[in-house]
Amino acid sequence: MKAVVYAGDGRVEVDSVTDPRIQESTDAIVKVARTAICGSDLHLLDGKTPGMREGSVIGHEFVGVITDLGSEVTRHAQGTRVLGSFLIACGSCTACAAGRFNFCSNRRALGLGTFTGDLDGAQAEYVRVPGADLNLKLLDGALSGLSDEEALFGGDILTTGFYAAELAEPEPEDVIVIVGAGPVGLFTAAALRGRCARVILLDRDEIRVSFAQELLGQDTAFLVGEDPHPVVARETGGELASVAIDAVGSVDVFKSTLKLVREGGAVVVIGVYGAERVEMSMGRAWVRGLQVRFSGMGNIHAHWDTALMTVAKGGIDPTRLITHRLSLDDAVEGYRAFAAREATKVVLTP
Ligand SMILES: NC(=O)c1ccc[n+]([C@@H]2O[C@H](COP(=O)([O-])OP(=O)(O)OC[C@H]3O[C@@H](n4cnc5c(N)ncnc54)[C@H](O)[C@@H]3O)[C@@H](O)[C@H]2O)c1
Ligand SMILES: [Zn+2]
Ligand SMILES: [Zn+2]
């Protein structure tokens, strides 16, 4: 089959690879109808994700139809339409039992390298999904009316936005600043709408800011330079934010979020980090009573019902983020456009 593979040295290629087959009794094989490129895929290319294997299939956002099932899968049948979770949880450990699927002690992820289970990803004609009963969501009932594109981001960035919104613990009087108006920042802003006094979304890229303004309103998104502090100070009359969310995953952004919150405020880190290190003034953080919440992987299974039902009820139209629709054959161009921020979201059809 055709698939997007990690080609080493920060490159991807469309290549011919062996079709996946059932390996574990809980597996399903899904014929991919739509797949997308995520900000985390860019981290495979910028060297931030350790343990990438050359020739491995990448990608982790997908909707498709089940073509084969392991003997222990009970909730799915061949021919049904499903949404996949990027996070592959076991469903039986203590963390899973508590609904904290992102801290599953057998945690894996699709297409994100050898440190997360070395599972091949979904930017392909077919993908193997372990723990199919838990990690594939049947698009039936109230969700059956969703198109593939409407459902597609529910297995990652849309639901990660809802998870980030939960971590922010919004109160009606809160001003919440989000740095990074990529898909994750946009969906976090959408998930926070109506749950706090104001959301302020910041980005250093003009195209991203004007896109966010179109989507969420002129007074929601702002262009920032190196230091976002002056914009936040201006917009909050000097009060600063109750919560600042790092939806980028860069040390500079993390450090700046610490300065964007008022005393007793919280910083939520949803952007991904690898080997970076940060020096911070402990005394200053201590006396200001800052809270820092690292997200870990998005807790998809705990929030995808809420996220998808919001889409089904018309609360969010995730397809508005799709700027590029390409064939899987043109994935290399899709990666280029996404990395250059020309694209907000690239959807590939195998
Ligand atoms: N925790 C999770 O499970 C999870 C899930 C999905 C994505 N992510 C991560 O979330 C982050 C965002 O993902 P995305 O898909 O939106 O990626 P993206 O790359 O499309 O968006 C990042 C945005 O940040 C902006 N940016 C970069 N540096 C900036 C700076 N210094 N100041 C202001 N803006 C800046 C960019 O212009 C871009 O618009 C990534 O790190 C991704 O890996 C985490
Ligand atoms: Zn992702
Ligand atoms: Zn588990």
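The values are calculated or read from the model by the stated rules, or taken from the named source; none is laboratory data. Bear in mind the structure is a predicted one, so any value in this text is a computation, not a measurement. Cβ: placed from backbone, ideal geometry, glycine included. Neighbour counts: every protein chain shown. We work out accessible area using only protein heavy atoms, side chains counted, and drop any ligands, DNA or RNA first. Shrake-Rupley method; radii C 1.70, N 1.55, O 1.52, S 1.80 Å.
Only Cα pairs under 8 Å and 6+ residues apart enter the sum, and on that basis the relative contact order of the chain stands at 19 percent. Please calculate the 1.4 Å probe accessible area of T116, with all protein chains present, and give it to the nearest 10 Å². Surface open to solvent at T116 totals about 20 Å².
The V287 and T319 beta-carbon pair, evaluated with R₀ = 45 Å, returns a calculated FRET efficiency of approximately 0.45. Based on the Cβ-Cβ distance of A97 and T67, what FRET efficiency does E = 1/(1 + (r/R0)^6) give at R0 = 41 Å, to the nearest 0.05? E between A97 and T67, to the nearest 0.05, is 0.85. Loop-located trypsin sites (Lys or Arg not before Pro) in region 295-350 (DSSP state not H, G, I, E or B) with no more than 12 neighbouring Cβ atoms inside 10 Å: K313.
Counting only protein heavy atoms and using a 1.4 Å probe, what share of the accessible area of region 276-350 belongs to carbon plus sulfur, as a whole percent? Write down the numbers at each step before the final one.
Details: 2040 of 3970 Å².
Solvent-exposed carbon and sulfur of region 276-350 make up 51 percent of the total.
Surface calculation, 1.4 Å probe, protein heavy atoms: M297 sits at approximately 50 Å² accessible. E13 contributes an accessible area of around 70 Å² to the protein surface, as traced by a 1.4 Å probe with all chains present.
For I29, the shell of other residues with beta-carbons less than 13 Å away shows a net charge of -3, using +1 for Lys and Arg and -1 for Asp and Glu. Farthest towards the positive end of the charge dipole of the chain, among the residues V12, P170, H60, is the Cα of P170, using unit charges on the Cβ of Lys, Arg, Asp and Glu.
The trypsin sites (Lys or Arg not before Pro) of region 85-192 that DSSP puts in a loop, and whose beta carbon has at most 16 other beta carbons within 10 Å, are R100.
At 1.4 Å probe radius, can you tell me the per residue accessible area of region 284-324 in Å²? List each step's numbers first, then the result.
Values: 2070 Å² over 41 residues.
Result: 50 Å² of accessible area for each residue.
In the context of the full set of protein chains, region 187-256 has a per residue accessible area of 45 Å² (1.4 Å probe).
Dipole orientation for region 113-261: of the candidates L215, Y126, I200, I200 has the Cα lying most toward the positive pole (charges on Cβ; Lys, Arg +1; Asp, Glu -1).
The charge dipole of region 160-294, taken about its Cα centre with unit charges on the Cβ of Lys, Arg, Asp and Glu (plus for the first two, minus for the last two), comes to roughly 220 debye.
Distance cut-off 32 Å, Cα to Cα: go down the list K2/K137; K2/K255; K48/K313; K255/K313 and report the pairs above it.
On the way: K2/K137 24 Å; K2/K255 41 Å; K48/K313 37 Å; K255/K313 38 Å.
As for pairs spanning more than 32 Å Cα to Cα, those are K2/K255; K48/K313; K255/K313.
Over the chain, the reciprocal of the mean inverse Cα-Cα separation, the Kirkwood hydrodynamic radius, stands at 20.4 Å. Once both labels are positioned 7 Å from their Cα atoms along Cα-to-Cβ, the gap between R234 and E54 label points is 4.9 nm.
How much mean residue ellipticity at 222 nm does the chain get from its helices, if each DSSP H run of length 4 or more adds -39500 (n - 2.57) and you divide by all residues, to the nearest 500 deg cm²/dmol? Could you put the intermediate results ahead of the total?
Values: 12 runs with 96 residues, N = 350.
Rounded to the nearest 500, it is -7500 deg cm²/dmol.
The residues packed around D118, meaning those with a beta-carbon under 14 Å from its beta-carbon, carry a net charge of +1 if Lys and Arg are +1 and Asp and Glu are -1.
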